[in-house]
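Derivation of every value follows stated rules applied to the coordinates shown; laboratory data play no part. It should be emphasised that the depicted structure is a prediction, and the values quoted were computed from it without experimental measurement. Methodologically, a virtual Cβ is constructed for each residue, glycine included, from the backbone with ideal geometry; neighbour enumeration extends over all protein chains shown.
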Amino acid sequence: MSGGDEVDAIVLAAGQGERLGLGPKAWLVLGGRTLLERAVATMRLVTDRVIVGVAAADLDRARTLCGGEVGVVPGGATHRETMLAAFRAGSAPLVLIHDVVHPFVTPALAREVIEAARGRGAAVAAVVATSSAYRGAPGTTPVRLAAAGEIWLVRRPFVFRRADFTRGLATAGGDEGLSVILARVGVPTELVPAPSWNIKVSTADDWAVAQALWGQALQS
């Protein structure tokens, strides 16, 4: 089932890619398409309502690339500010948060997260950690936090009800995560298992992995 007019899909694309060191991630090319093109194309298969948040300097470029049926708004100085700008530009009862740094999100995964949020109130794609997790630093004795299979790494998309998030924002502070804001108003977030290759591109190593994954996909 697609989102139709029921879901606003927000694509966050205003980051400058400081950690990656290759410029804004929205304009990196993977498999012949920019990460922004990939994200928008995926969301257009899920819902009729797509809103993109980009750096103010990239507004014209993004509008040309995305076409007239996609809303494009100027982002803010932070990830949270960009998300809120796009959130306020929409009105659908369900909101899906996507990000260009998750280039392997599929329409099928997005639909699965949407369905989970319809029933639970909020849901997010997540990858289970297959190794034990430790806290520590080089040269120190690490402290084990959890065994393999007990830790989940949050990915995208994240879907929630607009009304619940609006209520949570009234008392939100700092950089609280979406699940924390929603939990404050009594809405739990359901984890939806995602494949391990649903990676997040943050560093040069991540980008190398993304390129390798894409190359492997072409060969399979």
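Tabulated data
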{"quantity": "Highest to lowest packing among 6-13, 187-194, scored as the average C-beta count within 10 Å", "calculated": "6-13, 187-194"}
{"quantity": "Top positive-direction residue, dipole computed over the chain with Cβ charges, set Thr203, Val143, Pro103", "calculated": "Val143"}
{"quantity": "Relative contact order computed over the range 108-219 (Cα-Cα under 8 Å; 6+ residues apart), in percent", "calculated": "31 percent"}
{"quantity": "Prolate/oblate/rounded label for the range 1-121 (Cα gyration tensor, a/c 1.5)", "calculated": "prolate"}
{"quantity": "20 °C / 1.002 mPa s Stokes-Einstein diffusion coefficient of the range 86-220, Kirkwood radius on C-alpha pairs, µm²/s", "calculated": "129 µm²/s"}
{"quantity": "Percentage of interatomic Cα-Cα distances in the range 114-167 larger than 15 Å", "calculated": "63 percent"}
{"quantity": "Radius 14 Å from Cβ of Leu169, net charge of other residues (Lys, Arg +1; Asp, Glu -1)", "calculated": "+2"}
